[in-house]
Amino acid sequence: RDSSALVRCTDLSLANAIALSAQTRLYPGGPHPTVYLVPQAPRKGDAPELQWRINHRGIAVLAYRAGFGIRAVPVRTDDFLRVSLGEVVEHVASVDHYPEHLEDLGGIAVCVHDLERGRDVIRAWVPRVVIERRRALSHQQDSGPWAQWPVEMAQGAAIRYVMARGMLPLDS
């Protein structure tokens, strides 16, 4: 938000962020950024470094380039759901009630679809407790996007969770 904070970042971290964006063709800015640039000091008293952080949109772009589509489906607490070995086997949703609050959310089903073969590779289940743990690590858990768009933030957290555990078959 404060562009003057970029000036205080180390030259090396700035160069690294530029190089990562050039290598991945994922860029910050605009209405739908695929990465965020966050000035942050590694330790108190150190010069801030520019952190290049990929978001769920960036992960979706990389997945698409590799031939996969990603869908993050919010599941209400009162939806019928059958999970086996961490994968959603069956989900029957109430079409009239979209979960608008975290209290209504049972979790997120993240579907990774092989675009070439036309089938789902995985339907990973990310329960609300996992999302709540990730939300608790946020600096703005009770304000900002988590307060305004809790389900959408949960969808992004679930996609990053699936990516971090290697359930999304990406080589890059």
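The values are calculated or read from the model by the stated rules, or taken from the named source; none is laboratory data. The shown structure was predicted, so the numbers you read here are calculated from the model rather than taken from an experiment. Cβ: placed from backbone, ideal geometry, glycine included. Neighbour counts: every protein chain shown. Surface areas here come from the heavy atoms of the whole protein model, side chains and all, with no ligands, DNA or RNA. Shrake-Rupley method; radii C 1.70, N 1.55, O 1.52, S 1.80 Å.
Given the criteria modelled with pLDDT of 90 or more, over 24 Å from Arg25 (Cα atoms) and assigned to a loop (DSSP other than H, G, I, E, B), does Arg117 qualify? Answer is yes for this residue. The residues on offer are Gly166, Gly86, and the sole one that is under 15 Å from the mean Cα position of the chain (by Cα) and on the phi > 0 side of the Ramachandran plot is Gly166. Scanning the range 91-114 for residues that are assigned to a strand (DSSP E or B) and of a type in the set (Asp, Glu) turns up just one, Asp114. Scanning for something farther than 16 Å from Val162 by Cα, touching a helix residue (DSSP H, G or I) at 6+ places or on another chain (Cβ under 9 Å) and among the hydrophobic types (A, V, I, L, M, F, W, C), does the range 79-100 turn up at least one residue? No.
Being part of a helix (DSSP H, G or I), among the small types (Gly, Ala, Ser) and surrounded by 11 or more Cβ atoms within 10 Å (Cβ to Cβ) is a description that applies to Ala157. Any residue that is open to solvent by 30 Å² or more (accessible area, probe 1.4 Å), within 24 Å of Pro145 (Cβ to Cβ) and of a type outside the set (Asp, Glu) - is there at least one of those in the range 75-87? For the range 75-87, residues open to solvent by 30 Å² or more (accessible area, probe 1.4 Å), within 24 Å of Pro145 (Cβ to Cβ) and of a type outside the set (Asp, Glu): present.
Against the conditions (1) modelled with pLDDT under 90; (2) part of a strand (DSSP E or B), Gly30 satisfies every one except (2). Does Gly58 satisfy the criteria of being touching a residue at least 24 places away in the same chain (Cβ under 8 Å), in contact with a helix residue (DSSP H, G or I) (Cβ under 8 Å, 6 or more places away or on another chain), open to solvent by less than 50 Å² (accessible area, probe 1.4 Å) and closer than 30 Å to Pro127 by Cβ? When the stated conditions are applied, Gly58 passes them.
Residues that are open to solvent by 60 Å² or more (accessible area, probe 1.4 Å), closer than 26 Å to Val61 by Cα and touching a Leu at 6+ places or on another chain (Cβ under 9 Å) do occur in the range 123-131, at least one of them.
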